[in-house]
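What follows is a short report on a single structure.
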Amino acid sequence: MNGFVQRDPIWTVIIAVLVAAFVWAVVAPWPPGMEAVVGRKQIFLNALFNGITLGALYFLVASGFTLIFGLMKNVNLAHGSLYLLGGYIGYEFAEATGSWLGAFVVSFVIVALLGIVLQYVVFRRMEGEDLRQTLVTIGISIVLADLMLWRWGSHSYQILSPDFLSGPTTLPLIAGVRGDGEIVYLRFPAVRIAILVASIVLGALMWLALNRTRIGMLIRAGVDDRDMLAASGVRIQYVFVLVFAFGAGLAGMAGIVGGTFQSVAAGEDMRFLLASLVVVIVGGMGSIFGAALGALLIGLAEQLGSVYAPTYSVVLTFLIMALVLAFRPQGLLGR
């Protein structure tokens, strides 16, 4: 950090001013003149937190994708289908048992088992063949999409959150001031706050596992020099199967989160596959923090854009990706 300050003092000042302005915009009451130009602060805060929590959802999907694609170099374009399948399975389990938390476990296990099958049957036989992996996984995604359409149809399904997370919670952020001087605090869905916190904890645990544990060391060593690691007696194929299963299971769990935030419906697989690709490109391949930063930027661009520039909200996402590719092709936190 000190090196950055000494190397780029002008950018340091600009970033500090922007951060201070952002903190003021979130914490302090807005003067009437600013509300006349920008709009009500409550609308801004809702869009901001919707973007952050949407980013948490994108991170859950993209973190599994960055493990499979960014670390293991497996081009799995059926990742969106794993997300959608996990959402459907979670919906069925939650409807049958009433257990929202139990649906996460069931979806993770079933989709992870499917991931093991994909790794063992498909990717193990096509290591290093990116084009074949791309074509085969596109075919698998089409087959899975048709099977899910046959089983669940084109209807939208909503996964209900548990009672202890239903309804809004009050956050210590000033959303406005009434005419009589009474302060209005922001109220936001409790389930979204809980999933945001869970995503942060999961991201931190994944980073620790990859950078501070023996299994993380084996994964990174296997990516850099698989033959040398195998010659040392490590069964690297088993390690990669477990990593692929974990990444697939994360996608399945994200399907439940998506079904709770919005809905589970046909076509969501392609949407979240595209979102995962954009997040990994923006954040940097193989970087957990990069996936988190990319997911946050894309989520905020979508939600703030839909409120303040609805005509161009979709363009903002691809504008961010284009700028990153133009000035930092390896991604914001890629190496």
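The values are calculated or read from the model by the stated rules, or taken from the named source; none is laboratory data. Computed from a prediction, not measured in an experiment: that's the story for all the values here. Neighbour counts are summed over all protein chains in view; Cβ atoms, including those assigned to glycine, are modelled from backbone coordinates with ideal geometry. All accessible areas refer to the heavy atoms of the entire protein, side chains included, with ligands and DNA or RNA removed. Shrake-Rupley method; radii C 1.70, N 1.55, O 1.52, S 1.80 Å.
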Restricting the first residue to the stretch 122-133 and requiring it to be assigned to a loop (DSSP other than H, G, I, E, B), which pairs with a second residue that is of a type in the set (Gly, Ala, Ser) and surrounded by fewer than 11 Cβ atoms within 10 Å (Cβ to Cβ) meet a Cβ separation below 7 Å and a spacing of at least six or different chains? none
If we scan the stretch 229-245, do we find a residue that is modelled with pLDDT of 90 or more and not charged (D, E, K, R)? yes
Within the stretch 124-148, of all residues that are open to solvent by 80 Å² or more (accessible area, probe 1.4 Å) and of a type in the set (A, V, I, L, M), the one farthest from residue 90 (Cα to Cα) is 131
Here are 26, 13, 5, 17: which of them is part of a helix (DSSP H, G or I), open to solvent by less than 100 Å² (accessible area, probe 1.4 Å) and modelled with pLDDT under 75? 5
Which residue pairs have Cβ atoms closer than 9 Å, lie 6 or more positions apart in sequence or on different chains, and pair a first residue in the stretch 212-225 that is charged (D, E, K, R) with a second residue that is surrounded by 14 or more Cβ atoms within 10 Å (Cβ to Cβ) and modelled with pLDDT of 65 or more? 220/71; 220/210; 220/286
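Looking at the structure I just gave you, is residue 141 part of a helix (DSSP H, G or I), touching a His at 6+ places or on another chain (Cβ under 9 Å) and of a type in the set (Ser, Thr, Tyr)? Walk me through how you get there before you give the answer.
Details: part of a helix (DSSP H, G or I): yes; touching a His at 6+ places or on another chain (Cβ under 9 Å): yes; of a type in the set (Ser, Thr, Tyr): yes.
When the stated conditions are applied, residue 141 passes them.
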Hey, can you tell me all the residues within the stretch 279-291 that are more than 18 Å from residue 209 (Cβ to Cβ) and touching a Ser or Thr at 6+ places or on another chain (Cβ under 6 Å)? 280
Read through the list (1) within 18 Å of residue 247 (Cα to Cα); (2) open to solvent by less than 10 Å² (accessible area, probe 1.4 Å); (3) out of contact with any helix residue (DSSP H, G or I) (no Cβ under 6 Å at 6 or more places or on another chain), then give the number of the only condition that residue 41 fails. (1)
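Which one of 264, 239 is more than 19 Å from the chain's Cα centre (by Cα), over 25 Å from residue 44 (Cβ atoms) and open to solvent by less than 30 Å² (accessible area, probe 1.4 Å)? Reasoning before the result, please.
Numbers: 264 fails: more than 19 Å from the chain's Cα centre (by Cα).
On inspection, the qualifying residue turns out to be 239.
Being outside any loop (DSSP other than H, G, I, E, B) and either touching a strand residue (DSSP E or B) at 6+ places or on another chain (Cβ under 8 Å) or charged (D, E, K, R) (or both) is the filter here; which residues of the stretch 35-81 pass it? I'd like the intermediate steps shown before the answer.
First, the residues of the stretch 35-81 that are outside any loop (DSSP other than H, G, I, E, B): 35-38, 41-71, 79-81.
Passing the criteria: 35, 41, 42, 45, 46, 49.
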Here the residues within the stretch 60-89 that are open to solvent by 10 Å² or more (accessible area, probe 1.4 Å) and under 11 Å from the mean Cα position of the chain (by Cα) are 60
